[in-house]
1. As a quick test, which of the pairs Lys63/Lys130; Lys9/Lys130; Lys10/Lys130; Lys10/Lys119; Lys74/Lys119; Lys33/Lys59 have an alpha carbon distance above 22 angstrom in this structure?
2. Between Ile298 and Asn427, what is the label-to-label distance in nm when each label sits 7 Å out along the Cα-to-Cβ direction?
3. Provide the packing ranking of 337-349, 17-29, i.e. peptides ordered by the mean count of other C-beta atoms within 10 Å per residue, highest first.
4. Provide the gained length on full extension for the span Ser200 to Arg404, in nm with one decimal, where the gain is 0.36 nm per separating residue minus the Cα-Cα distance.
5. Could you state the accessible area per residue of the chain in Å², with a 1.4 Å probe and every protein chain left in place?
6. Give the residues of segment 125-161 whose amide nitrogen is closer than 20 Å to a point set 7 Å from the Cα of Thr8 in the direction of its Cβ.
7. Under 4 °C and 1.567 mPa s, how fast does segment 117-242 diffuse according to Stokes-Einstein, given a Kirkwood radius computed over C-alpha pairs? Answer in µm²/s, whole number.
8. What is the spread of the Cα atoms of segment 267-416 along each of their three principal axes, largest first, in whole Å?
Amino acid sequence: MTANTEGTKKLYIKSYGCQMNVYDAERMSDVLKPLGYEMSEMPDDADLVILNTCHIREKAAEKVYSELGRLKFKKSDRKAAGKQMILAVGGCVAQAEGEEIIRRAPYVDMVFGPQTYHKLPEMVAQAHRKTGSVLDTDFPTDSKFDHLPAPSAKGGYSAFLTVQEGCDKFCTFCVVPYTRGSEYSRPVEDVLSEARCLVSTGARELTLLGQNVNNYHGLVKDGGEWGLGRLIKEVAEIEGLDRIRYTTSYPAEVDDALISAHRDIEALMPFLHLPVQSGSDRILQAMNRRHGAYEYRILVNKLRKARPDIALSSDFIVGFPGESDRDFQDTMDLVSEIEFVQAYSFKYSPRPGTPAAAHELQVPEDVKSSRLAALQDLLNSQQRAFNESCVGRHLKVLLDRPGRKTGQLIGRSPYMQAVHVDLAPDNLGRIVELEIVSAHGNSLGGRLLAVEDAAKYRQSNTTNTKVTG
Ligand code: SAM
């Protein structure tokens, strides 16, 4: 069996689920680069295919098995042509289902959990030796981050940076504590040096990632710990970095330092994803959330006081076991009151091994569907209204990718809206000031007013109240 060409090999990674998987995929590619692997856009010509999976809901997990079914044929086509394809399943489905994957899909060569991808070179060598499928779903005592190379330039103008991983909250619906392990914060110095590295390779915006990112408590070299607010303050000092975001936050862990960061740090964008899950105290308690609807409302008020234009997004689960019409109405009331600019909403999906899955009062599927439709109607109307309110405003947009149409670029507003504008490709990576001329369900259209350099951008941000971001 041969690889693509002597020395170079092709790697295809398909990521499912959250932004952390996108970050993980980039780091896997960095780990495999010294072995001669280069990224490929297609699985067909790949020597190594990794499905980087998500286990959060049943649908996400099942997609992996359908994809494996398709890849099985590609693998045998390559074998018939005298070429190899190592097929690997990584991420949270691999962690949760381990041997079950090898039983259902014995042609899979490697199965590895999210805490082991620094060991990919060894696993690939083992797969080459063909001594059966390689399975590694350990939670090693030393952090994978200690074994990873510096990130390559692939993060782009807007890059992800994992600062915290794992979860100790044990919400009764959620698999994360079982698949990602317990909470771990990377030391401050590691985060800062990776942030500097990403900025030096072109990133102008960093999104700090964690399953409970706002429970970050990173060790500082000379002793002590920093929370997320303090970390953001330091990251904001990096020359050349214009924008900072963070996700995903746990409401009960938002502290005063983080709220003040939203008031004081201009590079911290006025957008926050703050999952509430439900507006009913009874359901929040059954979910083992450590906040009620009242505490969430108070928190939103504090954030809005600190940063009046902050735009909020959230996650919702409908049809959690035992959810009554009254409970659901409480969710609708909370949404009506707070007004979210975007949100993710899901039907409750029982996950094996989580307490809620064994609950006897499961909500019928048709009830879940009609509640989800009603909630999504309300959320969509709020998103549309917010987008429409932006027409005529001047917003700063970091152009980070080409649009679908030729001559079009896309970027993000300070409030996370996708904004498209007709502009030449050499404007990619620039922060431009746009007049918003159209609003759609999920995006905005803009007209160029000015291209600004970073210094000017910061200055105008502090002096101009109409132009935000
Ligand atoms: N830190 C976040 C929080 O505060 O809960 C957790 C983010 S979680 C990885 C992403 C979202 O998936 C959750 O906020 C929740 O809405 C949804 N989710 C998780 N488990 C689910 C389940 N079993 N069924 C449906 N949705 C689920």
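The values are calculated or read from the model by the stated rules, or taken from the named source; none is laboratory data. Because the structure is predicted, anything quoted here is derived from the model rather than measured. Methodologically, a virtual Cβ is constructed for each residue, glycine included, from the backbone with ideal geometry; neighbour enumeration extends over all protein chains shown. For accessibility, only protein heavy atoms count, side chains too; no ligands or nucleic acids. Shrake-Rupley method; radii C 1.70, N 1.55, O 1.52, S 1.80 Å.
1. Lys63/Lys130; Lys74/Lys119; Lys33/Lys59
2. Each label point lies 7 Å from its Cα, and together they span 4.6 nm.
3. Ranking, from highest mean packing down: 17-29, 337-349.
4. Full extension of this stretch gives 70.6 nm more.
5. 43
6. 152-155
7. On the way: Rh = 16.3 Å.
Estimated via Stokes-Einstein, D reaches 80 µm²/s.
8. Principal extents (largest minus smallest coordinate, Cα): 54, 38, 27 Å.
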